[in-house]
Amino acid sequence: LGLRGKRQIGAIASAERGTNTTVVCCNNAAGLYVPPLIIFKRKRMPPELTDGAPPGNVVTCNDSGWMDANVFTRWLQHFIQFVKPTEDNKVLLILDGHNTHTKNVEAIELARNGNVTTLSLPPHTTHKAQPLDKTFFKPLQTYYDEAVKRWLRTHVGRAVTAYQLCSLFKEAYVKAVTMSTALNGFAQCDIWPCSMDVFAENEFQPS
């Protein structure tokens, strides 16, 4: 509620700030989404952190809450298990140029042996050439913000912590993962059509 004509109206916000959490998302030009991987900034992984997570997802932790070489290798194993590429049906995986992708010998060998061809985008081009950046992350962020606001309204005096993140993210994720969103992302980046099965992977930072 606010006075008519008032330029700004305050809203309840979570007091939890300063903890990194990364969600790795991936989809393809046919509208298929690989279950996400969530990276918490923690030393240990209590099972309660995974409560309410999206189906089929992977949850892990490290000291930073960001992607690192070990986590990317684990995600790539998850990707291969889900997509099941073969010698006769290889897939192209589009990545940004982060060194966890480009300078990760274990991941490069895993991709080669798993019938995955990786393509790294040039620096500072993902806002134009990355399908997830073009059409997926903005609605995902909007749905996540709405989920957080609803949770705060029904849990007065409490802050959103890591233990609520998976369930709140799932609420947003299931609304954002539409076939049209995936198709539009690849179309706007002029990547599709292509003769190979093309996937794009990128990271989301819940705020």
Item checked: Residue count for the stretch 110-160, restricted to those that are under 17 Å from Gln205 (Cα atoms) and open to solvent by less than 50 Å² (accessible area, probe 1.4 Å) -> 14
Next item on the list: Just need a number here: residues in the stretch 93-109 that are of a type outside the set (Val, Ile, Thr) and open to solvent by 60 Å² or more (accessible area, probe 1.4 Å).
Entry: 5
Notebook entry, point to check: Being surrounded by 15 or more Cβ atoms within 10 Å (Cβ to Cβ), charged (D, E, K, R) and either touching a Gly at 6+ places or on another chain (Cβ under 9 Å) or on the phi > 0 side of the Ramachandran plot (or both), is that true of even one residue in the stretch 181-196?
Noted result: no
Item checked: Qualifying residue in the stretch 38-46 (condition: within 24 Å of Pro131 (Cβ to Cβ) and modelled with pLDDT of 95 or more) -> yes
Next item on the list: Go through the stretch 36-75 and give me each residue that's in a helix (DSSP H, G or I), open to solvent by less than 50 Å² (accessible area, probe 1.4 Å) and either under 22 Å from Leu140 (Cβ atoms) or of a type in the set (Gly, Ala, Ser) (or both).
Entry: Leu49, Ala69, Val71, Phe72, Trp75
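Residue-wise test of (1) of a type outside the set (D, E, K, R); (2) within 14 Å of the chain's Cα centre (by Cα).
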{"residue": "Thr125", "(1), (2)": "yes, no"}
{"residue": "Ala129", "(1), (2)": "yes, no"}
{"residue": "Thr135", "(1), (2)": "yes, yes"}
{"residue": "Arg150", "(1), (2)": "no, no"}
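The values are calculated or read from the model by the stated rules, or taken from the named source; none is laboratory data. Predicted, not measured: the structure shown is a model, and the values here were computed from it. Here the Cβ is made from the backbone with ideal geometry for all residues, glycine too, and neighbour counts use every protein chain on show. Ligands, DNA and RNA are stripped out before the accessible areas are found, and what is left, the full protein with its side chains, is counted by its heavy atoms. Shrake-Rupley method; radii C 1.70, N 1.55, O 1.52, S 1.80 Å.
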